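Following: one structure in structure tokens, then a few remarks.
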Amino acid sequence: MMRETLAGRIAAAACALTWFVAAQTGRADMLAQSLEDLLNTPISAASKYEQTTREAPASVTVITSADIERYGWRTIDEALQTVRGMYVSNDRTYSYLGARGFGRPTDYNNRVLLLINGHTNNDNFYNGAAVGPVLGINIDAVERIEVVRGPGSALYGTGALFAVIDIITKDASAIDGLRVSAEGGSLGRKGLSGVYGRELGQSVEFTLSGLWRDADGQDLYYAEYDAPDTNNGIAEDLDWGRAGGAHGSLRVGDFTAQAMFSSRKTGIPTGAFEITFNDPDASTLDEQAFLELRYSSEPNAKTGVMARGYLDYYHYMGVYPIEDEPHYLEENDSRWGGAELQLRLDPREFTRHIVGVEVQRHFMVDYHIWQGDAQYIDTGYPFTVLSVYAQNIYQPLDDLSLTLGVRKDMYSNDPGRESAAAAAVGKGKSDAWIAEKLEEGGDPASPRVALVYTPSVSTAIKLLYGEAFRAPTRFELFYEDPDAFKPSPWLVPEGIRTTEAVWEQRIGRDLLGVVSAYRYEMRDLIDEVVDPKDEIALYKNVSEVHAEGMEVELRGQIGDRGRGYASYAYQKAEDADSGGRLTNSPAHLARAGVVVPVLPKVYAAAELLVESGRLTVQDTKTDAVALLNLNLSTTDLFGGARAALLVRNVLDEAYAYPGGFEHLQAAITQNGRDVTLAVEHRF
């Protein structure tokens, strides 16, 4: 029955998709980016210097500003959901990104690395990457999103296990003035945003963007709480969210400054973490900010220099009501800074050397948990990281290049582990045992090897190998609840080894095909478990993961102004000990999208997202799902005005994503049909 139902849904969605293709008429005024332009788009996340996607020693997808505008994506996770081999989850508080069959519930995206113009945006407590509404960046200011699959620790260090995602913002010439937008829609959604860019003189330019969004949400019913003392399972007025943020940049010659601030507060409608269900005070607040100064120059044709310094800020506040008791409050305050120096040397025309050093000082990593007058945690966990990296690109033939790289990350012993060592002495542990624990895991070294063969201008074959690590987060090491959770100061880093083969083929003038096959092995996976000795939970290095999969994608142009894509991914990720499939890991992912002009100055876009069911942490399985999204948008109509009408989940599909261990619900229901109207004026 489920297969028949899913087939019917896919058929209905495919019919609607086909209608949009058949409806292509007329021409639009906007110049569409050609396939040739896309292939030659410069990217920097794969090697820390500009290359084309064809040259990059990695499997890369580039999401362009034209894609963002025509498909109507409003947040980064909506765009990433369309990338081959990637999928999202949402527990109605945070959005989570899965890649190649790996998406642990409530991991805060700490196994992917998120950059903004090359600046790492993961926080230093959960190592979380804010890919959803938490990230207060105006997507209208984004020039492109570079998605570099596979291990990235050889260049970036901890957390880059499955992907490095770099959000590149538009320069002043691309914005050229002021754009102001307003939007409203279902669930009481409303928002304002703006983008400004101006060239102030020769080699001087300034950009500024910002947004404010507010959503009332909806009342939600959860059968698991259906009882008179829990409001019969209905969470009222708790699905709300408010977000805002700003990003700015100033470039003067070879010097660039960029800064960002982001803030988002939202309710918790699911009763997660055993809080009082339907309490109006349940909420989370996430704030992030950074300032970066960068110098980048090429003193001569054979030498390049990049130097940067930065300061970062992260603040989290969680309010967790407990029935008939004071609220349980959790707060994290973090400040850190760092500097990086990179040299590029091209001693001969067929070789390039990249060497770099980076130091980070996490001088404030404060963590507080209290309830009324009771202080459970009130301490800090500062630490320092010194990193060195090197990369060599050797091109013995015009059509063959070899990339070799490695990075070494050295972590200081922090007060948290020193306190654990002192406690171990009190429990009779030997000096040798303590020394072994302090050294366990060592200072990770992350190598990469890539062979890129381009026998013709239409073909690129890539053989890739890489290793990456994720250092245990401050939260995993030191979180403690006297009755329910204990710290794990002796965790060692997770590691991953990935092997991949990629074939990129230009098919005629208007079509590009990509086929890739990969295999990876994860070791020392950190997960939440219950200690049978005392029935108290903790984080532990529990197992290994073995995975393999394949991805196929076609991207192309449709006529003079249309474009489309289609992809399929098969992914098999299993626990090495049990042989069981991982939770929150769909075996099949299919994506398709098409954009065509239907009237002069009017585009229609349709997307179809299909995936198989996922296993939950409660050993149940979600249903397979097919989602159809439609967007109708215009180019400049009159006086610089534009408009867009986005309808997500057009068929009003009922579906759910797996919850985490903190949820009573096995799966969290997602939104039905959702409509957004946006208008913009350019000055």
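The values are calculated or read from the model by the stated rules, or taken from the named source; none is laboratory data. Nothing here was measured: the structure is a model prediction, and the numbers come from that model. Backbone-built Cβ (ideal geometry, glycine too); neighbour counts: all protein chains shown.
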Fill in: Residues located in region 112-141, provided they are in contact with an Asp or Glu (Cβ under 9 Å, 6 or more places away or on another chain) and over 20 Å from S334 (Cα atoms)
N117, G118, G132, P133, I139, D140
Discussion item. Which residue is surrounded by the fewest Cβ atoms within 10 Å (Cβ to Cβ), if the candidates are limited to region 235-290 and must be under 28 Å from E662 (Cβ atoms) and of a type in the set (V, I, T)?
Written reply: T276
Response to the item:
Picked from region 376-398 (must be closer than 30 Å to V319 by Cα and in a loop (DSSP other than H, G, I, E, B)), the residue modelled with the highest pLDDT is P382
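Given the options I393, I377, name the one that is buried (at least 20 other Cβ atoms within 10 Å of the Cβ), of a type in the set (A, V, I, L, M, F, W, C), in contact (Cβ under 8 Å) with a residue 40 or more places away in the chain and over 17 Å from H119 (Cβ atoms). Before you say what the answer is, go through the steps one by one.
Working: I377 fails: buried (at least 20 other Cβ atoms within 10 Å of the Cβ).
One residue alone meets the criteria, I393.
Report, by residue number, each residue of region 135-165 that is part of a strand (DSSP E or B) and among the small types (G, A, S). Quick ask: steps written out before the conclusion?
Start the filter on region 135-165 by keeping residues that are part of a strand (DSSP E or B), which leaves 142-149, 163-165.
Result: A163, single match.
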Response to the item:
Here the residues within region 117-134 that are part of a strand (DSSP E or B) and of a type in the set (S, T, Y) are T120
Worksheet item: Which of the residues belonging to region 492-513 are more than 14 Å from V545 (Cα to Cα), of a type in the set (D, E, K, R) and surrounded by 15 or more Cβ atoms within 10 Å (Cβ to Cβ)?
Response: E500, E504, R506, D510
Item to complete: For A606, state whether it is closer than 19 Å to W73 by Cβ, in contact with a strand residue (DSSP E or B) (Cβ under 8 Å, 6 or more places away or on another chain) and surrounded by fewer than 19 Cβ atoms within 10 Å (Cβ to Cβ).
Response: no
Worksheet item: Counting residues that are charged (D, E, K, R), which strands (runs of 3 or more DSSP E) fully inside region 618-678 reach at least 2?
Response: 641-648
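Here is a list: G118, G132, G101. Which entry is in contact with a Leu (Cβ under 9 Å, 6 or more places away or on another chain) and surrounded by fewer than 24 Cβ atoms within 10 Å (Cβ to Cβ)? Step through it out loud before you land on a result.
Working: G118 fails: in contact with a Leu (Cβ under 9 Å, 6 or more places away or on another chain); G101 fails: surrounded by fewer than 24 Cβ atoms within 10 Å (Cβ to Cβ).
Being in contact with a Leu (Cβ under 9 Å, 6 or more places away or on another chain) and surrounded by fewer than 24 Cβ atoms within 10 Å (Cβ to Cβ) holds for just one of G118, G132, G101, which is G132.
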Item to complete: Among what's in region 494-548 and is more than 24 Å from the chain's Cα centre (by Cα) and β-branched (V, I, T), pick the residue that is farthest from D483 (Cα to Cα).
Response: I507
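Return the total of residues in region 48-68 being among the polar types (S, T, N, Q), in a loop (DSSP other than H, G, I, E, B) and touching an Asp or Glu at 6+ places or on another chain (Cβ under 7 Å). Lay out the reasoning, then the answer.
Initially, region 48-68 is screened for residues among the polar types (S, T, N, Q), giving 51-53, 59, 61, 64-65.
Among the residues that remain, those that are also in a loop (DSSP other than H, G, I, E, B) are: 52-53, 59.
In the following step, the residues that additionally are touching an Asp or Glu at 6+ places or on another chain (Cβ under 7 Å) were identified as 59.
Residues that pass the stated criteria total 1.
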Fill in: Unique match (being among the β-branched types (V, I, T) and crowded, with 17+ Cβ neighbours inside 10 Å) among T676, T620
T676
Response to the item:
The residue that is farthest from G72 (Cα to Cα), considering only those in region 588-603 that are within 27 Å of the chain's Cα centre (by Cα) and surrounded by fewer than 21 Cβ atoms within 10 Å (Cβ to Cβ), is H588
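For region 193-202, enumerate the residues that are within 18 Å of A644 (Cα to Cα) and either out of contact with any Asp or Glu (no Cβ under 8 Å at 6 or more places or on another chain) or of a type outside the set (A, V, I, L, M) (or both).
Of all residues in region 193-202, those within 18 Å of A644 (Cα to Cα) come to 193-195.
Residues satisfying the conditions are S193, G194.
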Worksheet item: Of the residues T93, T52, T82, which single one is at pLDDT below 95 and among the hydroxyl-bearing types (S, T, Y)?
Response: T52
Practice prompt. Pick out the one residue from D373, D333, D409 that is more than 30 Å from A272 (Cα to Cα) and either modelled with pLDDT of 95 or more or not hydrophobic (A, V, I, L, M, F, W, C) (or both).
Written response: D409
Response to the item:
Scanning region 96-116 for residues that are within 18 Å of D286 (Cα to Cα) and either modelled with pLDDT under 95 or part of a loop (DSSP other than H, G, I, E, B) (or both) gives T106, D107, Y108, N109, N110
Item to complete: Quick one: A174 ticks every box in (1) closer than 28 Å to R682 by Cα; (2) modelled with pLDDT of 95 or more; (3) not polar (S, T, N, Q) except a single one, so which number is it?
Response: (2)
Worksheet item: Could you list, in sequence order, the residues of region 186-205 that are surrounded by 17 or more Cβ atoms within 10 Å (Cβ to Cβ) and either touching a Leu at 6+ places or on another chain (Cβ under 6 Å) or closer than 19 Å to G253 by Cβ (or both)?
Response: S193, Y196, G197, E205
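Give the number of residues within region 187-207 that are of a type outside the set (F, W, Y) and farther than 30 Å from L677 by Cβ. Lay out the reasoning, then the answer.
Taking region 187-207 first, the residues of a type outside the set (F, W, Y) are 187-195, 197-205, 207.
Retained after the next criterion (residues that are farther than 30 Å from L677 by Cβ): 199-205.
Of the residues in that region, 7 qualify.
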Worksheet item: Out of all the residues in region 367-379, is one or more over 21 Å from D123 (Cβ atoms) and of a type in the set (G, A, S)?
Response: yes
Worksheet item: Do any residues in region 73-89 that are in a loop (DSSP other than H, G, I, E, B) have Cβ atoms under 6 Å from those of residues that are hydrophobic (A, V, I, L, M, F, W, C), where the two are at least six apart or on different chains, and which pairs are they?
Response: W73/A79; Q81/V88; V83/V147; R84/A569; G85/A569
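Given the criterion out of contact with any helix residue (DSSP H, G or I) (no Cβ under 9 Å at 6 or more places or on another chain) and modelled with pLDDT of 95 or more, identify the matching residue among Y479, Y453. Even if it seems obvious, please write down each step before you answer.
Working: Y479 fails: modelled with pLDDT of 95 or more.
Within the list Y479, Y453, the selection yields Y453.
Is it fair to say F350 is within 15 Å of D409 (Cα to Cα) and among the aromatic types (F, W, Y)? Spell out how you get there, then give the answer.
Working: within 15 Å of D409 (Cα to Cα): no; among the aromatic types (F, W, Y): yes.
When the stated conditions are applied, F350 does not pass them.
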Practice prompt. Give the residue that is farthest from D636 (Cα to Cα), with candidates limited to residues of region 188-203 that are hydrophobic (A, V, I, L, M, F, W, C) and at pLDDT 95 or above.
Written response: L192
